[in-house]
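First the structure, in the form of structure tokens, and then the observations on it.
The values are calculated or read from the model by the stated rules, or taken from the named source; none is laboratory data. Treat the numbers as computed from the prediction; the structure is a model and nothing was measured. Cβ sites come from the backbone with ideal geometry, for glycine too, and all protein chains shown count toward neighbours. Protein only, heavy atoms only, side chains kept; ligands, DNA and RNA dropped before computing areas. Shrake-Rupley method; radii C 1.70, N 1.55, O 1.52, S 1.80 Å.
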Amino acid sequence: MRILSGIQPSGTPHLGNYFGMMKPAIELQERGEAYYFIADFHALTTVQNAAALRVNVHELALDFLACGLDPARSVFFRQSDVPQVAELAWILSTVTPMGLLERCHSFKDKTSRGIAPSHGLFAYPVLMAADILIYDSDIVPVGRDQKQHLEVTRDIAIKMNETFGSIFKLPEPAIQESTAVVPGLDGAKMSKSYHNTIDLFAPENVLRKKIMGIKTDSTPVEEPKPMEGSVILALHKLVASEADHLAMENDFRVGGAGYGDLKKRLFGAVWEYFAPFRAKRVELEADPGHVEKILADGAQKAATVADGVMRRVRSAVGIGPGIDNAATRP
Ligand code: ADP
Ligand code: TRP
């Protein structure tokens, strides 16, 4: 089973990215052949500063490795190190109906937040389909907001198979319902673009300040607190032990603990949860060459798979020499 996912180096990863995508991806690396990449071609739709992009890519590689991505088990690489994916995106775009892309929420969401409505932003799901199809992926772990992109990928793969004969496998999304949408400081979906994030590797004082700033209601200390929709409880459940979480739920139910106290406990639990990852990150930071070597080795392995699939694709569409497709089909 081949597992594949990507994450954009478009800013600092937060709890939503970790619980929605990184953690499930890291857990899945035990279950098959995992391919994980840093989507720098995609990030160009929003990050248009060369120095910033390079820094983001390196930092994200550190973050992902620190959180447990194991280069001995997973192929970890930079999207742009396998540029064949841009060639495939072009080929896919020639069978992709405009209407399919016009229906995508993410383009509308992003442009409504002020991101330039470039062709790249509009065609983003086609490049994502190429990412997935070029590695013959079976399973794609992502947060719920990427579900529609997986549907688009399947539709494009079906259209290619109908048009040119069987070329692609149909991938399935893997969305963990318990963490499909991690709430941010204001209760809306945690997202870089909503400025409501808690970053994974924020310094202690910044993290404490953020958590103490979670919006709460004015229920007095001694009274029971509403549990439904509580950001404190939702985040605490992700990071605390079961016993600690039951204790916190009980405090909500019976009252007696103020929000300040509850937030302090949440801060403690978040800080502790990420402590081993922080230590690992410090180790990795000390050896940037090692991280670059991991990405370079990953790119080489990924390119081997991509080259095989591209031979199949080119032959099927009539570009380059014809080969016996049956021999290379998945
Ligand atoms: P952002 O919304 O902060 O820009 P991205 O769109 O870069 O985040 O998301 C990267 C990955 O993290 C995707 O797989 C996405 O589904 C997941 N993700 C992002 N935010 C959340 C969240 N609040 N809850 C669950 N998953 C999330
Ligand atoms: N679009 C994804 C996001 O914003 C990132 C991504 C790019 C991706 N290509 C992918 C995710 C392929 C899974 C598979 O989070």
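Between PHE76, PHE168, VAL282, the Cα set farthest toward the positive side of the dipole of the chain (charges on each charged residue's Cβ, about the Cα centre) is that of PHE168.
Using the Karplus relation 6.51 cos²θ - 1.76 cosθ + 1.60 with θ = phi - 60°, the per-residue 3J(HN,Hα) values for the range 190-197 come to 5, 7, 3, 7, 9, 6, 10, 8 Hz, with x marking Gly and Pro. With point charges of +1 on the Cβ of Lys and Arg and -1 on the Cβ of Asp and Glu, referenced to the Cα centre of the range 202-273, which listed residue (ALA247, ILE211, LEU266) lies farthest in the positive direction of the dipole? Of the candidates, ILE211 comes out farthest on the positive side. Note on the range 232-330: with charges restricted to the Cβ of Lys and Arg (+1) and Asp and Glu (-1), its dipole about the Cα centre is near 400 debye. Compared with the dominant principal axis of the Cα atoms in the chain, helix 242-254 is inclined by about 50°.
Near the amide H of ALA34, within less than 5 Å, lie the amide hydrogens of ILE3, VAL75, all on another chain or at least 5 residues away, with H placed in the peptide plane.
Using a Gaussian network model of the chain with C-alpha springs under 10 Å, which one of THR45, THR12, THR163 is most mobile by mean-square fluctuation? Maximum among the listed residues: THR163. The magnitude of the dipole of the chain, with charges of +1 and -1 set on the Cβ of Lys/Arg and Asp/Glu and taken from the Cα centre, is near 520 debye. For THR219, THR94, the ranking by accessible surface with the largest value first comes to THR94, THR219, using a 1.4 Å probe. Note on the chain: with a GNM built from Cα contacts shorter than 10 Å, the maximum mean-square fluctuation among GLY20, GLY289, GLY32 falls on GLY289. Each helix, a run of at least 4 DSSP H residues, gives -39500 (n - 2.57); summed and divided by the residues of the chain, these come to -16000 deg cm²/dmol at 222 nm. Per residue, the accessible area of the range 202-273 comes to 56 Å² when a 1.4 Å probe rolls over the protein heavy atoms. Summing charges over all other residues whose Cβ lies under 15 Å from the Cβ of PHE77, with Lys and Arg as +1 and Asp and Glu as -1, gives -3. Classified by the C-alpha gyration tensor, the range 202-273 has an oblate form. Its axis ratio a/c, with a ≥ b ≥ c, is 1.5 or above, and a/b does not exceed b/c. The angle separating the long axis of helix 84-93 from the principal Cα axis of greatest extent in the chain is about 80 degrees. Between the range 5-21 and the range 298-323, the alpha-carbon centres lie 29 Å apart.
Based on Cα atoms of the range 212-330, Rg over Rh with Rh as the Kirkwood radius reads 1.36. Atom-type composition of the exposed protein surface of the range 202-273 places 54 percent of the accessible area on carbon and sulfur (1.4 angstrom probe). Once backbone amide H atoms are built at 1.01 Å from N, LEU200 has HIS14, LEU15 as its partners under 5 Å, excluding neighbours fewer than 5 places away on the same chain. Simple point charges give the picture: +1 on the Cβ of Lys and Arg, -1 on the Cβ of Asp and Glu, and for the range 147-270 a dipole about the Cα centre of about 420 debye. Using a simple spin-label model with pseudo-atoms 7 Å out from Cα toward Cβ, LYS301 and GLU272 lie 3.5 nm apart. Annotation: the antiparallel percentage among DSSP beta bridges lying fully within the chain is about 10.
When ILE167, ILE323 are compared by accessible area at a 1.4 angstrom probe, the order from most to least is ILE323, ILE167.
Compared with the dominant principal axis of the Cα atoms in the chain, helix 288-317 is inclined by about 40°. Could you tell me which of rounded, prolate or oblate describes the range 26-112, using a ≥ b ≥ c as the square roots of the eigenvalues of the alpha-carbon gyration tensor, with rounded for a/c under 1.5 and, failing that, prolate when a/b is larger than b/c and oblate otherwise? Taking the square roots of the gyration eigenvalues as a ≥ b ≥ c, the range 26-112 is prolate.
Placing THR46, THR179 in order of accessible area, with the largest value first and a 1.4 Å probe, yields THR46, THR179. P(r) tail, the chain: Cα-Cα pairs separated by more than 32 Å, 34% of all pairs. With a cut-off of 12 Å between beta carbons, the residues surrounding SER193 carry a summed charge of +2, where Lys and Arg count +1 and Asp and Glu -1.
Solvent-accessible area assigned to carbon and sulfur over the range 1-86 amounts to 49 percent, based on a 1.4 Å probe.
In this simple spin-label model, placing a label point 7 Å from the Cα along the Cα-to-Cβ direction at both SER178 and GLU228 gives a separation of 2.3 nm.
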